[in-house]
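Only the coordinates and a few stated rules stand behind these numbers; no lab work does. Being a predicted model, the structure only gives us computed values, none of them experimental. Note: ideal-geometry Cβ built from the backbone for every residue, glycine included; neighbour counts use all protein chains shown.
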Amino acid sequence: MSKLFRFLVVGFVATVTHFLVVIGAVEFLQADATSANAMAWATALFVSYFGHYRWTFTATGAHLEHLPRYIVVSLTGLSLNLSTVWLLNSQLGAHYLVATTLGVTLSIIVTFTLSRLWAFAC
């Protein structure tokens, strides 16, 4: 199985986790949507990290090396996604789904590359 395929599977699992945490936090804890998404993002970050560490990249180094790097990669992907959506939708008038699709696609490419070459390359 290719690393890209594994990366996408782990990303899918992290996304499902994100949605489950949001739903649980809003419906059962009465959290507001923004707080729920912050909790969900943090939870999904760890699901994603451990999935990539163990399965996608089969890393062997210390978590103290890999985890901070992965957090930087993840925040880079988030920033790229948000910037792309803002630019295409808010500034250039592209439909929000087109902007989001391009933002997510760019984020996947960049985070996969940075994860493979830097975050899990120790």
Mean Cβ-within-10 Å packing, highest first, puts peptides 39-48, 56-65, 7-16 in the order 39-48, 7-16, 56-65
Binned at 10 Å starting from 0, the alpha-carbon pair-distance distribution of the chain in whole percents comes out as 14, 38, 34, 13, 1
Mean projected area, convex hull of alpha-carbon positions in segment 1-70, reported to one decimal in nm², is 5.0
Largest first and rounded to whole Å, the semi-axes √(5λ) derived from the alpha carbon gyration tensor of segment 62-122 read 28, 10, 6
Phi angles of segment 44-60, converted by Karplus (6.51 cos²θ - 1.76 cosθ + 1.60, θ = phi - 60°) into ³J(HN,Hα) in whole Hz with x for Gly and Pro, give 5, 4, 6, 4, 5, 4, 5, x, 6, 4, 8, 10, 5, 10, 6, 5, 10
